[in-house]
Amino acid sequence: MTLAIPGFTPVRLPGADGVELAARVGGSGSPVVLLHGFPQTHLMWRHVAERLAGEHTVICPDLRGYGASDKPAATGPEVYAKRAMAADIVAMAAALGHESFALVGHDRGALVAFRAGLDHPETVTHLGILDIVPTLDMWNVLHGVSAAVGYHLFLMAQPPGLPEAMIAGSADAFFGSFLDGWSNDPAAMPEEVRAAYLRASAAAVPSIVADYRASADIDVTHDQADLDAGSRLAMPVTVVQQDWGARLGYDAAAVWEAWAPDLDHRLTRAGHFMAEEAPDETAATLRDLLAR
């Protein structure tokens, strides 16, 4: 069974470095690109995309290494650097005729969106971030036993071989634990959708691990270089998060204020998968961002 966003057209578009991205495109108006998180695909945006399509051209790709997009071999850390994945999105949008666009990301897609905002400030007009802090800050706020919530970050940071074998050996249990454990409303993710995420993730273990491994290596280097250079996000930024600051003992809004001078920081009662659990709230928040 192939699940789709109603009214959206499947396309395959060039990214960077010869990579092709699978995407769904629908609606009309100024362009908005929506980037999915882990362990998901573009399908996580199905409700929000439909709500925005009446006012915008909405583009929902699978990230490099995920879903139906290309999964290049990780011959070096740069292959799955967020810089390369951000370049994919810029190239994909240009192939559709969009030299500038609003960009929204959830989870891993939000890390790609953050990097795109820093690397391509002339292209990203508005930036929406769902439930992350930047990579450099992510490692800095994980301390002691509270860091157990992010055990997968440490597992997939290990050298190639063992993480891939461990995850592939129990892929449904591994990926399913996040789909279940990070959700406040299991009914928001129907069984057929959950199964689609599990199939896609099990088929992409090496590239998913490579994406995470890059975040313990080259992505930190890129973030630190921008921080040292005083680089900041030039566009309006909206961040929506669960109250991770209270759980892990840091000031989430202050973390983001250091990167985004024009910031709207909001907390949500929805779970991590807020685009599925609270699509009306998420779409309304994004409309507020796009109106700035």
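Counting only protein heavy atoms, what percent of the accessible surface of region 167-255 is carbon or sulfur at a 1.4 Å probe? Before the final figure, lay out the partial values.
Details: 1960 of 3610 Å².
Carbon plus sulfur share of accessible area: 54 percent.
Other residues lying with their Cβ under 15 Å from the Cβ of A147 contribute a combined charge of 0, Lys and Arg counting +1, Asp and Glu -1. Near V90: Cβ cut-off under 15 Å, other residues only, Lys/Arg at +1 and Asp/Glu at -1. The net charge is -2. Positive end of the dipole of the chain (Cβ unit charges, origin at the Cα centre): among A195, V149, G271, the Cα lying farthest that way belongs to A195.
Placing +1 on each Lys and Arg Cβ and -1 on each Asp and Glu Cβ, with no other charges, gives the chain a dipole about its Cα centre of roughly 340 debye. In a reduced charge model with +1 at each Lys and Arg Cβ and -1 at each Asp and Glu Cβ, region 201-292 shows a dipole moment near 100 debye about its Cα centre. With R₀ set to 22 Å, the beta-carbon distance separating D243 from E122 gives a calculated FRET efficiency near 0.05.
About the Cα centre of region 38-115, what is the dipole size in debye to 20, counting +1 per Lys and Arg Cβ and -1 per Asp and Glu Cβ, all else neutral?
Working: 8 positive and 8 negative charges, 43 e Å.
Rounded to the nearest 20 debye, it is 200 debye.
With a Förster radius of 35 Å, plug the Cβ-Cβ distance of A254 and A203 into 1/(1 + (r/R0)^6) and report the FRET value to the nearest 0.05. Efficiency, rounded to the nearest 0.05: 0.35.
By the Stokes-Einstein formula, at 1.567 mPa s and 4 °C, the chain with its Kirkwood radius over alpha-carbon pairs has D equal to 69 µm²/s. Look at the dipole of the chain built from charges on Cβ: of H106, L289, S207, the Cα furthest out on the positive end belongs to S207. Quick check: from the Cα gyration tensor, does region 135-292 come out rounded (a/c under 1.5), prolate or oblate? In terms of gyration-tensor shape, oblate. What shape does region 26-175 have by the C-alpha gyration tensor, where a ≥ b ≥ c are the square roots of the eigenvalues, rounded means a/c under 1.5, and otherwise prolate means a/b greater than b/c and oblate the rest? The shape class here is prolate. Toward the positive end of the charge dipole of region 1-89, with +1 on the Cβ of Lys and Arg and -1 on the Cβ of Asp and Glu, the farthest Cα among A16, P72, V48 is that of V48. Using C-alpha pairs under 8 Å with a sequence gap of at least 6, the mean separation divided by the residue count of the chain gives a relative contact order of 21 percent.
The values are calculated or read from the model by the stated rules, or taken from the named source; none is laboratory data. Quantities reported herein were computed from a predicted structural model and do not represent experimental measurements. With ideal geometry, Cβ positions are generated from the backbone for all residues, glycine too; neighbour counts draw on all protein chains shown. Just the protein is used for accessible areas: all its heavy atoms, side chains included, with ligands, DNA and RNA removed. Shrake-Rupley method; radii C 1.70, N 1.55, O 1.52, S 1.80 Å.
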